[in-house]
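Asks: Sharing a structure, written as structure tokens. Questions coming.
The values are calculated or read from the model by the stated rules, or taken from the named source; none is laboratory data. Everything numeric here is computed off the predicted structure, so don't read it as measured data. With ideal geometry, Cβ positions are generated from the backbone for all residues, glycine too; neighbour counts draw on all protein chains shown. Just so you know, the surface numbers come from the protein's heavy atoms only, side chains and all, with ligands and any DNA or RNA stripped out. Shrake-Rupley method; radii C 1.70, N 1.55, O 1.52, S 1.80 Å.
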Amino acid sequence: MKRIILPIAAVIFSLTLFAQSARYNEAMKSNIAKMDSTWSKEGLVQTANTFERIGNAEKTEWLPFYYVGYCLVMSAYMEKDVAKVDAICDKADENLSKAAALKPNCSEITTVQAMVLTARMQVDMSRGMTLGPKSSGMLQAAMAQQPTGNPRTMMNMAQSLYYTPEAFGGSKAKAIELMENALASYATFKPESPLHPSWGKAYVEQTLGQWKASK
Amino acid sequence: MKPHTLLIILLLSFAAGKLAAQSTPITGRVTDTRKRPMQGVSLTLADTYDGATSDSSGAFRFVTSESGKHKLQVSFTGFAPWETELELKGDSLFFDIVLKELPNELTAVVITAGSFEAGDAKKATVLKPLDIVTTASANADVAAAMRTLPGTQQIGESAELFVRGGEGYETRQFIDGMVVANPFFSSAPNIASRGRFSPFLFKGTVFSTGGYSALYGQALSSALVLESIDLPDRSEASASISPLFAGGQYQHLAKNKKNSWGVNAGYTNLALYFALVPQKPDYFRSPEVWNADANFRVKTSASGMIKFFASYNVNKLGLRNPDIDMPNLKNAFGLKGGNLYTNISYRERLTNRLMLKTGASFSLNNDHIKQELQDSADQPVTNGIPDYMKLKTYELNNRSMLAQVRAVLDYRLGGLSAVRFGGEYWHSKDSSLYNKLYPNTLTDNFGAVFAEGDIYITQGLAFRAGLRAEYSDLLARPNIAPRTSLAYKFTKKAQVSADYGIFYQKPISQYLLFNQQLPYMRADHFILTYQRMDAVTTFRAQVFQKNYKQLPRFDADTSAGGTGYAKGFELFWRDKKTFKNFDYWVTYSWLDTKREYLNYPYALQPSFAANHTANLVVKRFFTKLNTQFNMNYQFATGRPYYNIRWNTDEQDFKVLDQGKTIAYNSMSLSVNYLKSVGKAFGVIVFSVTNVLNSKQVYGYQYPYNGGEKVAILPPARQFFFAGIFLSWGTDRTQDAINNNL
């Protein structure tokens, strides 16, 4: 009997695991698809909430928490009432810290953390004095964490370069060049799995077009 | 059975199990306590993927295949989490959920709405740290920037802040909680100096024009509370060059970002400037300052920080003016000053609720003043003059030392409510030596204990009650000062608050030297504030009444029976929205004040008080030009002046003459141009005060034996400044960018 029970138990166990991870993959995939097709603040909050549920249920996966941070920072960019921005950013930071605790030194997480700092700057431009250098410091760290190049880090760096006044070290020409490199690196960049971050290509193409047109 | 058959059976039974599972629909609605629907609220069946987000009507719906006992958790940023146990049996469930807003500094009523705060903390503040350095008339002087706010007087002949009918010494400055004994450089009579401390040392500034916390004492009118910066963002070297001064600074941040140190040295000399811009007095020694400071900061834990700052500076100046009594003679005034200031502070969160803030400070100030009556050839005159003229030649050594320790515990009660208590001890020694012959020393051991509670009854209603008890060894008496505030917020943006408090201050040492029986001077404050604030505009209106008691008097009995009052209203409006890229504020202050003190024979409006004061401050940054333009206009109606003399027959002071000066007008401009210079980030600054060259009269002085009064005028009507500030940060941004190009 033992000879049969043990394999059966093993099979059931692995099946449950399989079902579990299939469920996780399924839920993540559908929510990522939802996130990619959402262009409203409310929609982003909704996907963030779903990612948060998945993250809290799974406990050991960093990706759901990462996506909560990403969705929320995007919703913060869209928030017109600047008085609400800090609270949204606080929640984004909280989730990104959870992600970073599960996956330390991750370029993707650090990049979104830098985006949160940029979002906070819109509350009050005078924050740029302190948050600007902090944000670019995080992007540098993100670059160091992925020496092969992360197109999302490059895109964010290009953005900050574009909007920084020249006196503060900004350069529109360099920004365009960097954005082109970001676009090129999307071609070679392979996400580890379909669930890993792969966003931003369409945005880079669009922005690059606009920048070149206004040159 | 073959293994694959087993697998199929297992899979089938697994799928069947899934199919057979019941599904329970969960629906409901989320509102806030005012029954308004809440959108974006997250609802979760704990530890499952199941849940929903509420829509714009607050409604939600989801279906779960789970069964048995579960928890439904509801969360929304800024609101208290809500949860309930439920049993899933397939029957649909409905929940009517009301979320309660959490106490939040952003939305709660502000107890201290009466003060002006500049900090980059998250809460909305009236001012930003940059405002202090971009105010055209201030030339990066903290106190001068505060002079564009309501409640302050435009006093051109002093660097001090004269607030709501108070003397300059009634405003005290505090750095990290500790009082600063000599915040301004010593100067010649009726010539304003500057603050000793650069605004770049501070991350937060709170300027209270009355009714402030029991944590601060020995300031009758006003408190300027400065908080030094924590760790810098990066290592940086900087230099400043101007025809007036040159300086260099280095700030080092450790790689682990846990500690930093910095040094700074500078030299100021106005000789070149005075050669270009003629001054009214004859400067035989143009003002000169040597200064050096050093700091270190250590992050001792996630919430612990030690900060140390020390500065030393030496200043010298010498000038001659025609003597007021004998205009063929000259009065020469020479000053050599030395000042050492040190401050160390430590803060740590001891438990989740308890915070300790402690510190110690030591300062030593030496001023050597040489006053001499000179003839037209600048030679001393000692003979052939009346006795009262002989008094005009003297030497004075003033030395003041202050050592203090302080500790404050801050205990959070939950929500925003908190209690604070603590104490401080000051040891001071003020000595003066007249003509190297008459030493006079005042030593004081002064202690204070204080307690204060901020209680939020609701988000919109809060009060503060505080008590401060002090004892001065020198005055040999205690005092007890209650302070209280009540604040009520009635809409999202508007609130009213009321403050009451008793404030005590020791008479300044020049009076105590004559009479050590003087009690504390006392002022009672009553303030009503209305404030309406959103992200881009601030409107504030205040009315106040201040009653003075126990002020020193120079009567026959040299008593402390001086009294006085000040009342008035003030308006402040700041707007960053109406005009694009334009940021401006306007203030108006009306003041009615009289006091009977010093040699005033009866209640008079003091010579430092104007009835109407107004400010317009405008700032605009032109992104394309990398240039910020700042302008401000300061206006005040004339101030009274008096000729008060002792009448020996009547044994009383008499007002022989009085009048009012012309109104004060000053328009200032400054331009900050940002430019990279080589590898450095540069700011080039030009500024001019009193662009319109308006005549300014600060008061009048009278000769001893009657005769024509003489106007107190600024040394020059205008002040011009040009300078360049460079900084080289060890910023690797450019390298990182280039690596990716």
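Asks: Please list, by residue number, every one of the chymotrypsin sites (Phe, Trp or Tyr not before Pro) in segment A:32-119 that is coil in DSSP and has at most 13 other beta-carbon atoms within 10 Å. Write out the running numbers ahead of the final one.
Replies: Numbers: sites: A:Trp39, A:Phe51, A:Trp62, A:Phe65, A:Tyr66, A:Tyr67, A:Tyr70, A:Tyr77; in loops: A:Trp39.
Answer by residue number: A:Trp39.
Asks: Then there is this: If exposed means no more than 12 neighbouring beta carbons inside 10 Å and the site is in a DSSP loop, what's the longest run of chain B without any exposed GluC sites (Glu not before Pro)? Could the numbers behind the result be given before it?
Replies: Working: sites that count: B:Glu105, B:Glu650, B:Glu708.
In short, B:106-649.
Asks: Taking the Cα centre of segment B:584-741 as origin, work out the dipole magnitude from +1 charges on Lys and Arg Cβ and -1 charges on Asp and Glu Cβ, in debye rounded to 20.
Replies: Values: 15 positive and 9 negative charges, 140 e Å.
With only Lys, Arg, Asp and Glu charged at Cβ, the dipole is about 680 debye.
Asks: For segment B:624-646 and segment B:118-178, write down the distance between their C-alpha centroids in whole Å.
Replies: Rounded to whole Å, the Cα centres lie 14 Å apart.
Asks: Over the whole of B:150-159, what's the average partner chain Cβ count within 10 Å per residue? Rounded to a whole number, please. Before the final figure, lay out each step's value.
Replies: Values: counts 0, 0, 0, 0, 0, 0, 0, 0, 0, 0.
Counting Cβ atoms of other protein chains within 10 Å of each residue's Cβ and averaging gives 0.
Asks: If one takes the longest principal axis of the Cα atoms in chain A, at what angle in degrees, from 0 to 90 and to the nearest 10, does the Cα axis of helix A:107-121 lie?
Replies: Tilt relative to chain A: about 50 degrees.
Asks: Could you compute how fast segment A:18-99 diffuses translationally, taking Rh as the Kirkwood radius over C-alpha pairs and applying Stokes-Einstein at 20 °C with viscosity 1.002 mPa s? Give it in µm² per second.
Replies: Details: Rh = 12.7 Å.
Rounded, D is 168 µm²/s.
Asks: What trypsin sites (Lys or Arg not before Pro) does segment B:615-654 have in DSSP loop regions with at most 11 other beta carbons within 10 Å?
Replies: Sites meeting the loop and neighbour criteria: B:Lys624.
Asks: Same structure, new question: With +1 on each Lys and Arg Cβ and -1 on each Asp and Glu Cβ, how big is the dipole of segment B:73-174 about its Cα centre, in debye rounded to the nearest 20?
Replies: On the way: 8 positive and 15 negative charges, 62 e Å.
In total the dipole reaches around 300 debye.
Asks: Which log10 I(q)/I(0) values does segment B:249-368 give at q = 0.17 Å⁻¹ under the Debye formula, counting every alpha carbon as one identical point scatterer?
Replies: Once normalised to I(0) and log-transformed, intensities are -0.93.
Asks: In whole angstrom, note down how far apart the Cα centers of segment A:145-165 and segment B:494-546 are.
Replies: Rounded to whole Å, the Cα centres lie 51 Å apart.
Asks: While we're on this one: Lys/Arg Cβ at +1, Asp/Glu Cβ at -1, dipole of the protein assembly as shown taken about the Cα centre: which of B:Gln154, B:Phe725, A:Ala92 is farthest positive-ward?
Replies: About the Cα centre, the residue reaching furthest to the positive side is A:Ala92.
Asks: Something else: To the nearest 10 square angstrom, what accessible area does B:Met305 show with a 1.4 Å probe?
Replies: Solvent-accessible area, nearest 10 Å²: 10 Å².
Asks: Report in % the part of the accessible area of the protein assembly as shown that belongs to carbon and sulfur, leaving out ligands and nucleic acids; probe 1.4 Å.
Replies: Working: 25860 of 43940 Å².
Ligands and nucleic acids excluded, carbon and sulfur give 59 percent.
Asks: In the structure displayed, which of B:Lys577/B:Lys619; B:Lys69/B:Lys89; B:Lys100/B:Lys492; A:Lys98/B:Lys203; B:Lys330/B:Lys436; A:Lys34/A:Lys80 lie more than 19 Å apart, Cα to Cα? Show your work: numbers first, answer last.
Replies: Details: B:Lys577/B:Lys619 12 Å; B:Lys69/B:Lys89 9 Å; B:Lys100/B:Lys492 16 Å; A:Lys98/B:Lys203 30 Å; B:Lys330/B:Lys436 23 Å; A:Lys34/A:Lys80 23 Å.
Check vs 19 Å cut-off fails for A:Lys98/B:Lys203; B:Lys330/B:Lys436; A:Lys34/A:Lys80.
Asks: Same structure, new question: Which shape class, rounded, prolate or oblate, goes with chain B when its Cα gyration tensor gives a ≥ b ≥ c as root eigenvalues, a/c under 1.5 marks rounded, and past that a/b bigger than b/c marks prolate?
Replies: Numbers: a/c = 2.36, a/b = 1.94, b/c = 1.22.
Because a/c hits 1.5 or more and a/b exceeds b/c, chain B counts as prolate.
Asks: In Å², rounded to the nearest 100, what is the total accessible surface buried by chains B and A against each other with a 1.4 Å probe? Mind dumping the intermediate values first?
Replies: Working: alone 35480 and 12120 Å², together 43940 Å².
That pair of chains buries around 3700 Å² in total.
Asks: Hey, another quick one. Compute the helix-to-body angle for B:3-20: its Cα long axis versus the longest principal axis of chain B, expressed 0 to 90° and rounded to tens.
Replies: Orientation of helix B:3-20: about 70 degrees from the principal axis.
Asks: Counting helices only, and only those DSSP H runs with n ≥ 4, report the 222 nm mean residue ellipticity of the protein assembly as shown as the sum of -39,500 (n - 2.57) divided by its residues, in deg cm²/dmol to the nearest 500.
Replies: Rounded to the nearest 500, it is -7000 deg cm²/dmol.
Asks: Distance between the C-alpha centers of segment B:321-364 and segment A:46-121? Whole Å please.
Replies: 47
Asks: Kirkwood hydrodynamic radius, segment B:506-585, all distinct C-alpha pairs: what's the number in Å?
Replies: Numbers: mean 1/r = 0.0631 Å⁻¹.
It is 15.9 Å.
Asks: While we're here: Count neighbours as other Cβ atoms within 10 Å of each site's Cβ, and list the trypsin sites (Lys or Arg not before Pro) in segment B:425-515 that are DSSP loop with at most 13 such neighbours.
Replies: Taking segment B:425-515 and a limit of 13 other Cβ atoms within 10 Å, the loop trypsin sites (Lys or Arg not before Pro) found are B:Lys436, B:Lys492.
Asks: Further question on the same structure: What is the angle, in °, between the Cα long axis of helix A:2-36 and the longest principal axis of the Cα atoms in chain A? Nearest 10 is fine, range 0 to 90.
Replies: Result, in degrees: 20.
Asks: Suppose every Lys and Arg Cβ carries +1 and every Asp and Glu Cβ carries -1, with no other charges. What dipole size does segment A:72-125 come out with about its Cα centre, to the nearest 20 debye? All intermediate terms of the calculation are to be shown ahead of the outcome.
Replies: On the way: 6 positive and 8 negative charges, 30 e Å.
Taking the Cα centre of segment A:72-125 as origin, the dipole is about 140 debye.
Asks: Where in chain B is the longest stretch that carries no chymotrypsin sites (Phe, Trp or Tyr not before Pro) classed as loop by DSSP and with at most 16 other Cβ atoms within 10 Å? List each step's numbers first, then the result.
Replies: On the way: sites that count: B:Phe490, B:Phe514, B:Phe579, B:Tyr602, B:Tyr704.
In chain B, the maximal stretch lacking such sites is B:1-489.
Asks: Okay, next question. Over the protein assembly as shown, what number does the Rg to Rh ratio reach, with both radii from the alpha-carbon atoms and Rh per Kirkwood? If you can, show how the numbers build up before the last one.
Replies: On the way: Rg = 33.9 Å, Rh = 32.2 Å.
Result: Rg/Rh = 1.05.
Asks: Considering the dipole of segment B:565-656 built from charges on the beta carbon (Lys and Arg +1, Asp and Glu -1) around the Cα centre, which of B:Leu598, B:Phe582, B:Tyr633 is farthest to its positive end?
Replies: B:Phe582
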